[in-house]
1. Set Lys and Arg Cβ to +1 and Asp and Glu Cβ to -1, take the dipole of the chain about its Cα centre, and tell me which of 7, 28, 85 lies farthest positive.
2. By the scheme Lys and Arg +1, Asp and Glu -1, what is the net charge of all other residues having a beta-carbon under 15 Å from that of residue 71?
3. Suppose only helical runs count, i.e. DSSP H with n ≥ 4. What mean residue ellipticity at 222 nm does that imply for the chain under -39500 (n - 2.57) per run, divided by all residues and rounded to the nearest 500 deg cm²/dmol?
4. Which of 44, 72 has the fewest other C-beta atoms within 10 Å, and how do the rest follow up to the most?
5. How much net charge surrounds residue 30 when only the other residues with a Cβ under 13 Å from the Cβ of residue 30 are counted, with Lys and Arg +1 and Asp and Glu -1?
6. For the chain, what class follows from the C-alpha gyration tensor (a ≥ b ≥ c being the square roots of its eigenvalues): rounded when a/c is under 1.5, otherwise prolate if a/b is larger than b/c, else oblate?
7. All other residues with a Cβ under 15 Å from the Cβ of residue 58 taken together, and with Lys, Arg as +1 and Asp, Glu as -1, what is their net charge?
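What follows is calculated from the coordinates using simple rules that are stated; it is not laboratory data. Model, not experiment: these values are computed from the prediction. Cβ: placed from backbone, ideal geometry, glycine included. Neighbour counts: every protein chain shown.
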Amino acid sequence: MAVLSDFGVIIGTIVSNVKNALNKLGRGLGNGLKSVGKKLGEMLPGMIGVIASFIFKTPGEVIGFLGIHACLLSVAVMMFAIKQFKNKRVKMKR
């Protein structure tokens, strides 16, 4: 029983560290893309600047949101992995 408890603590610590790292990475990458979009919008004239700014700002906002809410990213990755595992299992049974 103690081994299972220790195993749970280790897994919890690893998940917490990964979540914190994803949070920092997402925020940094999101802010970087936002600033690139802003600079491109300032440099390029007219409609081209607006389009380039939008292209970089939008993914920056999405990545920043996922960085702040790293648990959503973790859930999405786990759901994808489970789906892939189930699909592979179904194909093996055929």
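1. The residue sitting most towards the positive pole is 85.
2. Net charge around residue 71: +3.
3. Calculated from helices alone, the mean residue ellipticity at 222 nm is -34000 deg cm²/dmol.
4. The fewest-first ordering by Cβ neighbours comes to 72, 44.
5. Cβ neighbours under 13 Å give a net charge of +4.
6. Oblate, because a/c is 1.5 or more while a/b does not exceed b/c.
7. Residues near residue 58 contribute +2 overall.
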